[in-house]
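**Q** Have a look at this one before I ask anything.
The values are calculated or read from the model by the stated rules, or taken from the named source; none is laboratory data. Predicted model, so just to flag it, every value in this text is computed and none were measured. Cβ placement follows ideal geometry from the backbone for every residue including glycine, while neighbour counts extend to all protein chains displayed.
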Amino acid sequence: MRKNLICLVAIALAAGFASCSSDPEGPITAIFVEEGTYGAEAGETVHFVEALAGTMFTVPLGIGSSSLLDIGEIRDVRYEAILFYFDFTPSPGNEGKTVSSAILDLPLYVAPAGSDDGGTYEAINLNFTLNELEEAFEETDTITSVPPYYPQPIPDSLGSTDRILNEFKVEFSIDTDIMQGWIGQTMPNNGFAMIWRRNPDSLYLFEIKARELEQDPTVIRVKYSDQTGDTFAVTKDYAVATFYEQGLNAIGGLARRIYFDFSLAGIPDSAMVNSASLVLSVNGSNGFGATTGQLLLGLSSEFFYYLYTPDSSNPDDPGFLQGTGVDRGYFNPAADNTRRMPLTLFINDILAGVRQNNGLILQSDLEGVRIQRTDYFTSAADSALKPYLEVIYTLPADFQE
């Protein structure tokens, strides 16, 4: 009997709670709505913006495996020299023969278009010299400037050292005594550099087929006094490029990266981040994604970028050059546009204490493959173009008794 009474009481209480919770005019609901006992004020939504200065730095990295060898200039990137190395081992039976002529043949892939006044066509010229290298090089080396070379250029068959490259002139003679020394191993053979001597009409880019293209390589054709000959194909080649401009530039191939340091001290830890972005304004007049030759090879003209947060904020720490990817993508670097790189999850992680704020680093995603440049307006630009970090967040609702 007592057991049944307990059950009936439990059922009655359950029914009573159910009727209160489902009744919009019940006593608990009425107090909450009419008296505002647990009233809440909506949290504020804040638009947080922090201007960013950004710092450009260089990573030791070179590209010796490109399909094309460039010399000249494009968008302030100066391709100052091309390095060549040949194995001058003569064919069996040609050992010890006397060299009567030697011709360097450059397989030109792209030359800048000349001008035509309606009757006379004038080609674009690039003046250069050939200089022997003091030390050997490897295509896997990081070469960011022209290696040491002997100041006296290699003369041609007439003793001249000044040479001109254009779309019609791609063959150049080499002094036979020097060629004889290379083949007979009586002279050191570390290779030689084709060095651009800049002239007013030379702010263009000449592109030569590299050996990696595996078609029509650079060769030196040698004839001996008995009318036999050898053709020596290049075994190592390397295009040396430099960049001297300041500002915010991410450059593939030359490994220029941009570091952005920022503070989130002004954002409460309790903030609920709705969206966050790194906002950069592209200066299209200074950018390029591919050279003419690369476009002809079918490569994209887009700039491929990679944004990461480094493992360390100390530039001297190896962790500064690597970290966790935050965003990657591509865009046209030759057109003015605004890039908004999403950071919502990244900023949330920092505010939650899951990730340390070591800043962000932007680089070319083709850094070890080919040269391309994107230029961004700096903090000295108009306010609408300055780089900045944008965070839109909402504060939690404030409950009042």
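Residue-wise test of (1) in contact with a Phe, Trp or Tyr (Cβ under 8 Å, 6 or more places away or on another chain); (2) at pLDDT below 95.
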residue: Phe303; (1), (2): yes, no
residue: Tyr306; (1), (2): no, no
residue: Thr309; (1), (2): yes, no
residue: Pro315; (1), (2): yes, yes
residue: Pro318; (1), (2): no, yes
residue: Ala335; (1), (2): no, no
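**Q** Give the residues of region 84-107 that are surrounded by 19 or more Cβ atoms within 10 Å (Cβ to Cβ) and within 18 Å of Glu171 (Cβ to Cβ), sorted by residue number.
**A** Hits for region 84-107 are Phe84, Phe86, Val99, Ala102, Leu104, Leu106.
**Q** Let me ask something additional. Could you give every pair whose Cβ atoms fall below 6 Å, whose first residue belongs to region 114-143 and is surrounded by fewer than 19 Cβ atoms within 10 Å (Cβ to Cβ), and whose second residue is assigned to a loop (DSSP other than H, G, I, E, B) and among the β-branched types (Val, Ile, Thr), counting only separations of at least 6 or pairs across chains?
**A** Gly114/Ile124
**Q** Name every residue in region 290-321 that is within 18 Å of Leu205 (Cα to Cα) and in contact (Cβ under 8 Å) with a residue 60 or more places away in the chain, in order of residue number.
**A** Once the filter is applied, which keeps residues that are within 18 Å of Leu205 (Cα to Cα) and in contact (Cβ under 8 Å) with a residue 60 or more places away in the chain, region 290-321 yields Ala290, Thr291, Thr292, Gly293, Gln294, Leu296, Leu297, Leu299.
**Q** Within region 170-184, count every residue that is farther than 15 Å from Leu130 by Cα and assigned to a loop (DSSP other than H, G, I, E, B).
**A** Residues in region 170-184 being farther than 15 Å from Leu130 by Cα and assigned to a loop (DSSP other than H, G, I, E, B): 0 in total.
**Q** For the condition in a loop (DSSP other than H, G, I, E, B) and over 15 Å from Leu68 (Cα atoms), what is the one hit in Ser312, Ser281, Ser275?
**A** Of the residues listed, the single one that is in a loop (DSSP other than H, G, I, E, B) and over 15 Å from Leu68 (Cα atoms) is Ser312.
Conditions (1) part of a strand (DSSP E or B); (2) assigned by TED's automatic domain parsing to the domain that holds Ile154; (3) of a type outside the set (Ser, Thr, Tyr), marked per residue:
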site	(1), (2), (3)
Asn190	no, yes, yes
Trp196	yes, yes, yes
Ile208	yes, yes, yes
Asp216	no, yes, yes
Lys223	yes, yes, yes
Gln227	no, yes, yes
Ile251	yes, no, yes
Arg257	yes, no, yes
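**Q** Considering each of Ala352, Ala335 in turn, give the residue that is of a type in the set (Gly, Ala, Ser), more than 20 Å from the chain's Cα centre (by Cα) and exposed (fewer than 13 other Cβ atoms within 10 Å of the Cβ).
**A** Selected residue: Ala352, the only one of Ala352, Ala335 that is of a type in the set (Gly, Ala, Ser), more than 20 Å from the chain's Cα centre (by Cα) and exposed (fewer than 13 other Cβ atoms within 10 Å of the Cβ).
**Q** Looking at (1) assigned to a loop (DSSP other than H, G, I, E, B); (2) farther than 30 Å from Pro60 by Cα; (3) touching a strand residue (DSSP E or B) at 6+ places or on another chain (Cβ under 6 Å), which one does Gly159 not meet, given that it meets all the others?
**A** Only one criterion is unmet by Gly159, namely (3).
**Q** Considering only region 245-261, I want to know if a residue exists there that is surrounded by fewer than 22 Cβ atoms within 10 Å (Cβ to Cβ) and β-branched (Val, Ile, Thr).
**A** Within region 245-261, none of the residues are surrounded by fewer than 22 Cβ atoms within 10 Å (Cβ to Cβ) and β-branched (Val, Ile, Thr).
**Q** Being modelled with pLDDT under 85 and under 16 Å from Ile164 (Cβ atoms) is the filter here, so list the residues in region 113-130 that pass it.
**A** Gly114
**Q** Here's a follow-up. Look through region 100-115, keep the residues that are out of contact with any helix residue (DSSP H, G or I) (no Cβ under 8 Å at 6 or more places or on another chain) and small (Gly, Ala, Ser), and return whichever of them is farthest from Thr292 (Cα to Cα).
**A** Residue satisfying both the conditions and the ranking: Ser115.
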